[in-house]
Amino acid sequence: MPAPHALDETFTALPLRALADAALARARALGADHADFRLERVRSATWRLRDARTAGSADTTDLGYAVRVVHGGAWGFASGVDLTMDAAARVAAQAVAMAKLSAKVTEAAGSREKVELAPEPAYPDRTWVSSYEINPFDVPDADKTGLLAEWSARLLAAPGVAHADAALMTVQENKFYADTAGTSTTQQRIRLHPELTAVAVDETTGEFDSMRTLAPPVGRGWEYLTGTHHDWDGELARIPEYLAEKMRAPSVEPGAYDLVVDPSNLWLTIHESIGHATELDRALGYEAAYAGTSFATFDRLGTLEYGSALMNVTGDRTAEHGLATVGYDDEGVAAQSWDLIKDGTLVGYQLDRRTAALTGFPRSNGCAFADSPDHVPVQRMANVSLRPAPDGPSTEELIAGVERGIYVVGDRSWSIDMQRYNFQFTGQRFFRIENGRLTGQLRDVAYQATTTDFWGSMAAVGGPGTYVLGGAFNCGKAQPGQIAAVSHGCPSALFEGVNILNTTQEAGR
């Protein structure tokens, strides 16, 4: 394991402590019961290539700070960009004024609810840096675009590939947090997402299709593209063959099939049907406008049969290289790992300090996050992951046990209702399974189920050797909208008797 990186000195040289002290002192003086100060610098850069030629790039930095208070039982929030002590104090005063206004609005609405926060120990002067080897921002842009161009050229040189798209997104997130309880943390996170897509066009029929790399976004550095963490050579060599086979593949016959779902697809089903459904603010109805509430309501905690007895799901903010991994969340709560579903039963939720206090949990599990200094922290998703079976089978062994089924690889489009219950998912590749063997690809496939029926049909869980940490950079939530990066680890798994749709027939074509 490489030695941990030091915090970026250009960030720690900012007047972090002085601004926090000015803001927190002003909030205390104005009667705040709680106040926290958060200064963030988020640098995001993207490079895009079309047919091995640069098509665009961007490199932006968002710098500012926020003060959040609880005053008179109401939230107040304000943010600023002027890095002076007077300005920080003014922003704190604005946050208190906002809390007073919020209290009046709440009272006028007839509510007596007061904001309370679950307790958390104080962590003074803590630092945390994510695990990576080479900061991608230290790599010359020419090296990045050069590698993407070389990989694109490999795809374009293959028979049947008409176009190749390539993209790389990198983020460096620095965050300083301090609150009136005595916690102060300074953190640094690095993440990146490389992606290549090959496009094939049938000149005779005009039909086209595409296929992209399965390499997930990760909390790693530049070494992800140049080291041994992913088989880039092998994947780039195989994609044109898979794409050509898919163009010739027969359309699926709808009906019930046994599915072996690869981690490259299953992570997204976990995200939509478990990750969002076990956010406690959704389960309580506090979050509803953006992507709905949850069928897994709080009164079903401990009794809801979410899936088969083989289903064990954790919420986790500690997994190395996880996109939602931190040392401390945006309420000063130390990172943790906990059970969400145990032996198929719902046993936990993702919490922030307010929802924990509302529902009687002794402590938050650290899921508060804001994507920028001008946004208020909301309850965001941890790395929600399906645990592998300790002595579970390989993917090949799972396939070998299926008489008639489909092997699903890679994520693509999906649809799920506003309670996270009825869904359908497509994929990058669907292989027909006959008598335990793969016998070619199928087209126009989507699997459809309710959340509990799907997870209840899980008949086998792969072993640790099949486990992959997938994820996304762009999980959306809240109003105003925020995005967050999140990982989902999972093994391959077998699901019996799942309904398969023919997407072309469903579209009426």
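The values are calculated or read from the model by the stated rules, or taken from the named source; none is laboratory data. Remember, predicted model here, so these are calculated numbers, not experimental data. As a convention, Cβ positions derive from the backbone with ideal geometry for all residues, glycine included, and neighbour counts pool all protein chains shown. Accessible surface is based on the protein model in full, side chains and every heavy atom, while ligands, DNA and RNA are left aside. Shrake-Rupley method; radii C 1.70, N 1.55, O 1.52, S 1.80 Å.
Only residues that are in contact (Cβ under 8 Å) with a residue 60 or more places away in the chain, part of a strand (DSSP E or B) and more than 14 Å from SER264 (Cα to Cα): list them for the stretch 470-493, please.
If the condition is that a residue be in contact (Cβ under 8 Å) with a residue 60 or more places away in the chain, part of a strand (DSSP E or B) and more than 14 Å from SER264 (Cα to Cα), then PHE473, CYS475, GLY476, LYS477, GLN482, ILE483, ALA484, ALA485, VAL486 are the ones that fit.
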The stretch 350-406: number of residues that are assigned to a helix (DSSP H, G or I), in contact with an Asp or Glu (Cβ under 6 Å, 6 or more places away or on another chain) and surrounded by fewer than 23 Cβ atoms within 10 Å (Cβ to Cβ): 1
Top-ranked residue of the stretch 427-465 - restricted to ones that are touching a residue at least 12 places away in the same chain (Cβ under 8 Å), β-branched (Val, Ile, Thr) and surrounded by fewer than 20 Cβ atoms within 10 Å (Cβ to Cβ), ranked as farthest from LEU196 (Cα to Cα): THR452
Residue in the stretch 398-409 that is of a type in the set (D, E, K, R) and under 30 Å from ALA368 (Cβ atoms) present: no
Qualifying residue in the stretch 450-460 (condition: among the hydrophobic types (A, V, I, L, M, F, W, C), at pLDDT 95 or above and outside any strand (DSSP E or B)): yes
The stretch 200-235, residues that are touching a residue at least 40 places away in the same chain (Cβ under 8 Å), of a type in the set (A, V, I, L, M) and in contact with an Asp or Glu (Cβ under 8 Å, 6 or more places away or on another chain): ALA200, LEU214
Count - residues of the stretch 34-51 that are over 25 Å from GLY219 (Cα atoms) and surrounded by fewer than 18 Cβ atoms within 10 Å (Cβ to Cβ): 2
So ASP141, is it in the same structural domain as ALA244 (by the TED database) and under 26 Å from the mean Cα position of the chain (by Cα): no
In the stretch 225-259, the residues that are buried (at least 19 other Cβ atoms within 10 Å of the Cβ) and not in a helix (DSSP H, G or I): ALA249, VAL252, TYR257, ASP258, LEU259
Out of ALA78, ALA6, sole residue that is in a strand (DSSP E or B) and in contact (Cβ under 8 Å) with a residue 12 or more places away in the chain: ALA78
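Listed here are the residues, each with its yes/no results for (1) at pLDDT 95 or above; (2) more than 30 Å from ALA122 (Cα to Cα).
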site	(1), (2)
SER184	yes, no
ARG191	yes, no
ALA200	yes, yes
THR204	no, yes
GLU207	no, yes
MET211	yes, yes
ALA215	yes, yes
TRP222	yes, yes
ALA66, sole failed condition from (1) open to solvent by 20 Å² or more (accessible area, probe 1.4 Å); (2) touching a Ser or Thr at 6+ places or on another chain (Cβ under 6 Å): (1)
Number of the condition not met by ARG432 [criteria: (1) out of contact with any helix residue (DSSP H, G or I) (no Cβ under 9 Å at 6 or more places or on another chain); (2) under 21 Å from LYS175 (Cβ atoms); (3) among the charged types (D, E, K, R)]: (2)
Pairs, first farther than 17 Å from SER184 by Cβ in the stretch 109-127, second open to solvent by less than 70 Å² (accessible area, probe 1.4 Å) and part of a loop (DSSP other than H, G, I, E, B), C-beta under 7 Å, six or more apart: LYS114/GLY73; VAL115/GLY73; ALA118/PHE361; ALA118/SER364
Where a residue in the stretch 148-170 is surrounded by 18 or more Cβ atoms within 10 Å (Cβ to Cβ) and its partner, wherever it lies, is assigned to a helix (DSSP H, G or I) and of a type in the set (S, T, N, Q), with Cβ under 6 Å and at least six apart: ALA164/SER152; ALA166/SER152
Whichever residue in the stretch 260-307 is of a type in the set (Asp, Glu) and not in a helix (DSSP H, G or I) and, among such residues, is nearest to GLY401 (Cα to Cα): ASP262
